[in-house]
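Every read-out reported here was derived from the displayed coordinates using simple, explicitly stated rules and does not represent laboratory data. Quick caveat, the model's predicted, so the values are computed rather than measured. Every residue, glycine among them, receives a Cβ derived from its backbone with ideal geometry; neighbour counts consider all protein chains shown.
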Amino acid sequence: MRLVILGPPGAGKGTQAERLSEKYGIPHISTGDLFRANISEGTPLGVEAKKYMDAGELVPSKVTVDMVRSRLTEPDAKNGFILDGFPRSTDQADSLAEILTERGEKLDAVVSFEVPEDTVVERMLARGRADDTEEVIRNRMQVYANQTAPLLEYYGDFVTHVDAVGTVDEVLGRVTAQLDK
Ligand code: B4P
């Protein structure tokens, strides 16, 4: 299965992707996690990404797309993957379509998590990651509305909408019920 998970910051994309990865035996590829790993290792990519992440801005698409393209060439992604946090803009979605065409592959599903803003802000403040301050969260929500939300129209009827309010298990149950169809 080749799956994309969309949703506002803090919607629980990473949380659910982790569980779906275990259930379906396919890798969870999170651009946020890949950037954070590069930041911890102090790579040039990490140094570049940190500037944007600390401000709640998107990391430039060129570096993001190259990173995803390279991750997808690893053997574990051969028979499927869960993309969490990518694409985050229509230009990234165009790049993903190109990558998949080159590989002779297609997406099987795009899942969108629907959560009210108050809930995601609460979840992020409770998580308390470095980029989870109120000011940065506000900017990330704005960036989501301007750059990422248009993907819902981009993918149109192909999107499976999932109510992501509730416990982690409740949300997982809803997602898998849709995917197993
Ligand atoms: P991400 O790492 O993708 O982070 P996120 O959107 O904030 O989190 P996610 O939706 O995965 O929520 P989580 O499961 O953690 O992005 C961070 C930054 O990286 C971006 O701002 C950007 O700068 C950069 N970036 C990433 N991808 C990029 C791209 N493609 N292009 C450019 N830049 C990019 O859940 C949040 C919290 O809620 C957790 O504490 C979790 O435990 C809790 N939670 C989850 N589900 C819950 C539930 N059902 N009930 C209660 N709590 C729940």
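Remarks
- None of Ala17, Ala49, Ala37 is within 14 Å of the chain's Cα centre (by Cα) and more than 17 Å from Glu105 (Cα to Cα) except Ala17.
- In the range 29-59, the residues that are part of a loop (DSSP other than H, G, I, E, B) and on the phi < 0 side of the Ramachandran plot: Thr43, Glu57, Leu58, Val59
- Only one of Ile26, Ile5 that is buried (at least 19 other Cβ atoms within 10 Å of the Cβ), away from the ligand (no atom under 13 Å from the Cβ) and either part of a loop (DSSP other than H, G, I, E, B) or on the phi < 0 side of the Ramachandran plot (or both): Ile26
- Members of the range 98-124 that are surrounded by 14 or more Cβ atoms within 10 Å (Cβ to Cβ) and free of Cβ contacts under 8 Å to residues at least 40 places away in the same chain: Ile99, Arg103
- Condition met for Gly166 (part of a loop (DSSP other than H, G, I, E, B) and either away from the ligand (no atom under 11 Å from the Cβ) or over 25 Å from Pro60 (Cβ atoms) (or both)): yes
- Taking the conditions (1) away from the ligand (no atom under 12 Å from the Cβ); (2) of a type in the set (Asp, Glu); (3) touching a strand residue (DSSP E or B) at 6+ places or on another chain (Cβ under 9 Å) in turn, Glu98 satisfies each one other than (3).
- Residues in the range 81-100 that are part of a helix (DSSP H, G or I) and not small (Gly, Ala, Ser) were compared, and the one that is farthest from Gly14 (Cα to Cα) is Glu98.
- Top-ranked residue of the range 70-91 - restricted to ones that are over 12 Å from His28 (Cβ atoms) and within 11 Å of the ligand (Cβ to nearest atom), ranked as surrounded by the most Cβ atoms within 10 Å (Cβ to Cβ): Pro87
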